[in-house]
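Below: the structure, in structure tokens.
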Amino acid sequence: MRHLRAVGGLVVLLAGAALAPAALAQTVPDLKGTWVPAEGAHIIDGTSRHHASGTAPVAGDDTLRQHTSPFVFEIEKQDGRTFWGVFSSAKVSEKLIGALSVDGKRFVMADEDGTFSGTVVDADTLDYCYTHVTPTDRAVACGLLVRKK
């Protein structure tokens, strides 16, 4: 009798382990489309590659600037949790790659000289932060990306 209880317990344990990956699986958000920043805060130290698209000085500092050109994120393709496209200002474009976490709630992206990380707020809103450091400039930004409809 004790042997049957042990076997029964093992069967329940193995069945639970087999179902665990399915419980973790989430619907992968579809990120394809055009995304534009909203409610952003950013600052640049030095001359960034997007400088030609337009910048304005930060009051009280000789090297700090802010971009005046709108940025656009075009997610062109997606394969499961990986995606890619283009990140553009008025005069400059960079290739962009990204990946979603297993739960579909977090993401990372990389352009040609920096990285983004953030969370999926809903189907049309991403909360992100960006960092890059090159020999000529540094940049940081945080804000929302909103899907253009």
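Grab the Cα-Cα distance for Leu64 and Thr134, subtract it from 0.36 nm times how many residues apart they are, and report the gain in nm with one decimal.
23.7 nm
What number comes out for the charge environment of His132, summing +1 per Lys or Arg and -1 per Asp or Glu over other residues with Cβ under 15 Å away?
Value of the local net charge: -2.
Given a cut-off of under 8 Å on Cα pairs at least six residues apart, what relative contact order in percent is computed for segment 33-147?
The normalised contact order for segment 33-147 reaches 27 percent.
No value in this document is a laboratory result; all are computed from the given coordinates. What you see is a predicted model; the values in this text were computed from it and never measured. Note that each Cβ is placed from the backbone with ideal geometry, even for glycine, and that neighbours are counted across all protein chains shown.
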